[in-house]
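Report on the following structure.
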Amino acid sequence: MKAAFFEAPGLANLKVGDFLDPRPGPGEVLVRVKYFGINPVDIMTIEGFIRAQPMPHVPGAEFVGVVEDVGLGVSGFAKGDPVVVYNRLYCGSCRYCLTGETQLCTSGGIIGIAANGGFAEYVAVPAKNLVKVGGDLLKFVGLPVGGLTAYNMLRRTGVQTGDVVAVVGATGNVGVFAVQLAKRAGAYVIAISRKGAERLRELGADEVLAPEDAAKRWGNAVDVVVDPVGASTFELSLKLLARGGRYVTAGALTGGEVEVDLRRLYGAQLSLVGSTGGRRADLEVLVRLVERGAVSTPIYRLVKGLDGLGQAIEAFRDPGRIGKVAVEV
Ligand SMILES: [Zn+2]
């Protein structure tokens, strides 16, 4: 099959060419990839900041497609079924899996890092990672990484009707879903961004503000700050929090070291919350939301063909990007 892969870390080492055809083992399904999304986690994997296996390695943590073949013992899937792939490998029997927190599985890993991923024509994945979907597959392409990460951040902070929610990095892969989901949850949504105001309002933002304006207007007044950006926005995020406010992080794209004044933390009863990926069960919820038209993947650029991967990565790094860059395989 054709795939994008690397034998040594570094974007320059990523090549598109022939790769060993994957076969579905027992309990696995062979998926023919239709679309994949580009995310920071893929770039970090290719660049070697995250150690990938096996080598040579096919990255790609976010992809959708159709069932091509099923392995021994698999029922409930047939050739041609359109599916979204949950990207966390999970055992199903550890204490985390048993409480539904499959993203914390003690023997887990991420497809595209701990196993070959979706920058390819075919991927073999455990059948229990698949969710069948109805409708245009492209609408689902951002769910496995961006959508699920945003969903889990809102779940972890208990966002509810009437909350004021600020989304930092609102035009990013996670941000565009956090805005949509917070709005659907009944929150008043402040998207913090210097670009894409019109698009963010379409997605559900009640206000779109540049960081400095947000600090002036909403200092000490926000119930939940969703911040997938990291160290560069941490100070702003904390400034925004009202008494009893909750801050949630799911990434450290701009650095992971921050300073916290414990006096403010306890005095205002703030919560600093961590979140990683999301639960297997919640991907089903997201799929149903997309099927009902309540949520969708905002597409910034769709590149045709694996050979366009370089273009796609360039578009992903475009400072004007709003939402998802995807490749049609
Ligand atoms: Zn487990």
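The conditions of being on the phi > 0 side of the Ramachandran plot and over 24 Å from the mean Cα position of the chain (by Cα) are not met by Gly204.
Just to be sure, is Asn152 within 16 Å of the ligand (Cβ to nearest atom) and either in contact with a helix residue (DSSP H, G or I) (Cβ under 8 Å, 6 or more places away or on another chain) or in contact (Cβ under 8 Å) with a residue 60 or more places away in the chain (or both)? The answer is no for Asn152.
Checked across the range 111-128, the condition of being under 15 Å from the mean Cα position of the chain (by Cα), within 16 Å of the ligand (Cβ to nearest atom) and touching a residue at least 12 places away in the same chain (Cβ under 8 Å) holds for at least one residue.
Yes or no, residue by residue, for (1) more than 24 Å from Ile43 (Cα to Cα); (2) in the same structural domain as Gly109 (by TED's automatic domain parsing); (3) not in a strand (DSSP E or B):
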site	(1), (2), (3)
Ser237	yes, no, yes
Gly256	no, no, yes
Gln269	yes, no, yes
Ala281	yes, no, yes
Leu286	yes, no, yes
Leu289	yes, no, yes
Val303	no, yes, no
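Looking at the structure I just gave you, is Gly27 within 16 Å of the ligand (Cβ to nearest atom) and under 24 Å from the mean Cα position of the chain (by Cα)? Walk me through it before giving the result.
Values: within 16 Å of the ligand (Cβ to nearest atom): yes; under 24 Å from the mean Cα position of the chain (by Cα): no.
Judged against the criteria, Gly27 is not a match.
Contact annotation: residue pairs with Cβ atoms under 6 Å, 6 or more positions apart or on different chains, pairing a residue in the range 77-96 that is hydrophobic (A, V, I, L, M, F, W, C) with a partner that is within 15 Å of the ligand (Cβ to nearest atom) and not in a strand (DSSP E or B), are Val85/Asn129; Leu89/Gly108; Cys91/Cys97; Cys91/Cys105; Cys91/Ser107; Cys94/Cys105; Cys94/Thr106. Here Asn152 fulfils each of the conditions (1) over 24 Å from Leu30 (Cα atoms); (2) outside the structural domain of Val174 (by TED's automatic domain parsing) apart from (2). Of the residues making up the range 35-66, those that are surrounded by 21 or more Cβ atoms within 10 Å (Cβ to Cβ) and either polar (S, T, N, Q) or more than 29 Å from Gly255 (Cα to Cα) (or both) are Tyr35, Asn39, Thr45, Val64, Gly65. Looking at the structure I just gave you, is Ala252 within 29 Å of Tyr90 (Cβ to Cβ), of a type in the set (A, V, I, L, M), part of a strand (DSSP E or B) and under 23 Å from the mean Cα position of the chain (by Cα)? No. Specify which of the listed residues (Gly76, Gly80, Gly92) is loosely packed, with under 15 Cβ neighbours inside 10 Å, modelled with pLDDT of 95 or more, within 16 Å of the ligand (Cβ to nearest atom) and more than 30 Å from Asn13 (Cα to Cα). The conditions single out Gly92. Of all residue pairs spaced 6 or more apart or on separate chains, those with beta-carbon atoms under 9 Å, a first member in the range 284-295 that is without any contact (Cβ under 8 Å) to a residue 12 or more places away in the chain and over 14 Å from Gly142 (Cα atoms) and a second member that is in a helix (DSSP H, G or I) and of a type outside the set (S, T, N, Q) are Gly293/Lys139. As a summary of the residue check, Cys105 satisfies the conditions (1) farther than 23 Å from Phe63 by Cβ; (2) within 16 Å of the ligand (Cβ to nearest atom); (3) free of Cβ contacts under 8 Å to residues at least 40 places away in the same chain except for the one numbered (1).
The numbered conditions (1) buried (at least 24 other Cβ atoms within 10 Å of the Cβ); (2) free of Cβ contacts under 8 Å to residues at least 40 places away in the same chain; (3) closer than 26 Å to Lys324 by Cβ are all true for Leu241 except (3).
The values are calculated or read from the model by the stated rules, or taken from the named source; none is laboratory data. None of the values given here were measured: they were computed from a predicted structure. Note: ideal-geometry Cβ built from the backbone for every residue, glycine included; neighbour counts use all protein chains shown.
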